[in-house]
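Peer 1: If you scroll down you'll find the structure; I have some questions about it.
Values in this text are rule-based calculations from the coordinates and carry no lab data. These figures come from a predicted structure and were not determined experimentally. Cβ sites come from the backbone with ideal geometry, for glycine too, and all protein chains shown count toward neighbours.
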Amino acid sequence: MKKAYIFLLFALMTISCSTQKSTSNVTPVANENVTYEEYFTGNTMRFDFHHAGDSKQEFYYFDRVIREGVWAGSHLSLINPFDYGEQHFRIIDKASGKVIYKNNYCTLFNEWQTTPEAEVTSRSFPEGVIFPEPKNDFCIEIYARNKVSKEWEKKFAQTVNINDFNIISAKENKYEGIDIHIGGDLAHSLDIVLLPDGFTADEKEKFIESCNMWSDALFKYAPFSNNKHRINIRAVWAASNEKGIDKPGFGKWVDNLLNTRFFTFNSERYQMTEEFQKVRDIAAEVPYESIFILTNTDKYGGGGIYNFYGLGSAGKTGRTGEVYVHEFGHSLMGLGDEYIELGNTVSALYPAGKEPWEANLTRFVNFEGKWEKSIEKDTPIPTTVEEGSTEKDWKIGAYEGGGYLEKGIFRGWPECMMKALTDFCPVCQEAIIKYLDYICK
Ligand SMILES: [Zn+2]
């Protein structure tokens, strides 16, 4: 009830800069020569909305704007140049019309759109994006990829009056922030936040132990192992009323803080939460760019969505550490799964004739923008692993199979963290380094 009241008030106070959903051609974002000090206050702003629709269409409904703590991101990298993700948003300075910030991401709603349920019903998911707080009035625009052409389409636009008294100030010191690994200063580092779910008030030590295990797992693998000096890992301690997480397929429901669950979209091991705004509420206790949730369960599973969040079981079962790093590959920069599901020949995620946006998969539609230049001239394409060869004989090439498909899609190396939970392949390593260079500028 209270939320509906806030929504109404805010709807009256803000003026939509373009209330009509537009699918006009998208103007590429030029380098606008934006200086951080000129346009931003140094704090974080969050824009919450609901993302709704079905398998074919999507809509966005404004919820609220929140002022949060200090901005953790770069002061120089303000326009994300990587064409990753199914969504992106732009912040436009109202007076000058300049794009002053842009970032790309994916969401759980995007994944839900590919499920059979989305063919027969509509749903809405809470979402929210963060950006450096502008000094002046601004317009936010949200873009999504067309389901068939994969081209960007503008779907939502709204102006925010920066002096609007309905902008909420986030409460500070509601939870406890804990440093796990501090490598560098905020603006020049990747800032990761680890959040607990399903840990009760007496399990703080267990959660911190899990955070240290997460950190050790990440720094076991290159290129993260060579970049400790520009990665920060902080945790937020927030207890749940009950231990564990929901297992709907087994009839088990738990009163946990973030409402994490197995059986997401009816897949037993797929562990996620639909309450993303709550995730952001708790993450905001510390400066952050990338979120990972640790769930208090021994059951194997996890998930990771680009620039949204990653999630993994804290229990030391199976290959927990490797699962953390694999899911983080998804959530940090949207690396695609390089594994194959036998017999799988068609995928809505990777339609024939369209280049996957993921840095580590290709259908040769836009290969030159990926690892093509790293392939030696005499390497055959497609590339195969010669019988009896070992890893030291392997070469960067185009190995068929990836993105759950057996044919028609290619990866750059026989094995990888994104395929078999081994070391990241040279193609993924190079892509991660490029992404870190951008984030840490
Ligand atoms: Zn790889």
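Peer 1: Let me check against my output: what whole-number percent is the relative contact order of region 154-234, with C-alpha pairs under 8 Å and at least 6 apart?
Peer 2: Reported as a whole number, the value is 48 percent.
Peer 1: Then there is this: Counting other Cβ atoms within 10 Å of each Cβ, which GluC sites (Glu not before Pro) in region 75-167 have at most 13 and sit in a DSSP loop?
Peer 2: 151
Peer 1: Compute the FRET efficiency between residue 57 and residue 79 as 1/(1 + (r/R0)^6), taking r as their Cβ-Cβ distance and R0 = 25 Å, and round to the nearest 0.05.
Peer 2: The value I calculate is 0.35.
Peer 1: Taking Rh as the Kirkwood radius computed over C-alpha pairs, what is the Stokes-Einstein D of region 66-202 at 25 °C in a medium of viscosity 0.890 mPa s, expressed in µm² per second?
Peer 2: Rounded, D is 137 µm²/s.
Peer 1: Check every DSSP H run in the chain and write down those whose alpha carbon atoms cover 15 angstrom or more along the long axis and whose mean Kyte-Doolittle hydropathy is -0.5 or greater.
Peer 2: 2-13, 204-218, 320-333, 426-439
Peer 1: Now for a separate question. How do the peptides 208-214, 316-322 rank, highest first, by the average count of neighbouring beta carbon atoms within 10 Å per residue?
Peer 2: Peptide ranking by packing, descending: 208-214, 316-322.
Peer 1: If amide hydrogens are placed 1.01 Å from N in the peptide plane, which non-local residues have theirs closer than 5 Å to the one on residue 344?
Peer 2: Under 5 Å from the amide H of residue 344: 406.
Peer 1: Order of 385-393, 414-422 by packing, highest average Cβ count within 10 Å first?
Peer 2: The packing order, highest mean first, is 414-422, 385-393.
Peer 1: Cα atoms only: what Rg and Dmax, in Å, come out for the chain?
Peer 2: Cα-based Rg and Dmax for the chain come out at 21.5, 70 Å.
Peer 1: Taking the highest mean first, how do the peptides 350-358, 302-310, 252-260 order by number of other beta carbon atoms within 10 angstrom per residue?
Peer 2: 302-310, 252-260, 350-358
Peer 1: Same structure again: Please report the relative contact order for region 176-333, taking Cα pairs under 8 Å with a sequence separation of at least 6, and give it as a percent rounded to a whole number.
Peer 2: 26
Peer 1: Once each part is reduced to its C-alpha centroid, what is the distance from region 95-156 to region 309-346 in angstrom?
Peer 2: For region 95-156 versus region 309-346, the Cα centre distance is 24 Å.
Peer 1: Counting Lys +1, Arg +1, Asp -1, Glu -1, what net charge surrounds residue 356 among other residues with beta carbon under 10 Å of its beta carbon?
Peer 2: Once positives and negatives cancel, what remains is +2.
Peer 1: Could you list the GluC sites (Glu not before Pro) in region 226-311 that lie in coil according to DSSP, counting only those with at most 10 other Cβ atoms within 10 Å of their Cβ?
Peer 2: In loop regions of region 226-311 (DSSP not H, G, I, E or B), there are no sparsely surrounded GluC sites (Glu not before Pro).
Peer 1: In debye, nearest 20, what is the charge dipole magnitude of region 104-217 about its Cα centre with +1 on Lys and Arg Cβ and -1 on Asp and Glu Cβ, if you could check?
Peer 2: Here the size comes out at about 560 debye.
Peer 1: Return the Rg/Rh value of region 212-358, two decimal places, where both radii are evaluated on C-alpha atoms and Rh is the Kirkwood radius.
Peer 2: On the Cα set of region 212-358, Rg over Rh gives 0.97.
Peer 1: Another question, if that's okay. State the Kirkwood hydrodynamic radius of region 68-139 in Å, one decimal place, computed from all pairs of distinct Cα atoms.
Peer 2: 14.5
Peer 1: Ignoring everything except DSSP H segments at least 4 long, calculate the 222 nm mean residue ellipticity for the chain; use -39,500 (n - 2.57) per segment, divide by total residues, nearest 500.
Peer 2: -5000 deg cm²/dmol
Peer 1: Let me ask something additional. What residues of region 221-235 lie in the reach of a label at residue 188, counting those whose backbone N is under 20 Å from a point 7 Å from the Cα along Cα→Cβ?
Peer 2: Hits in region 221-235 for residue 188 at 20 Å: 224-234.
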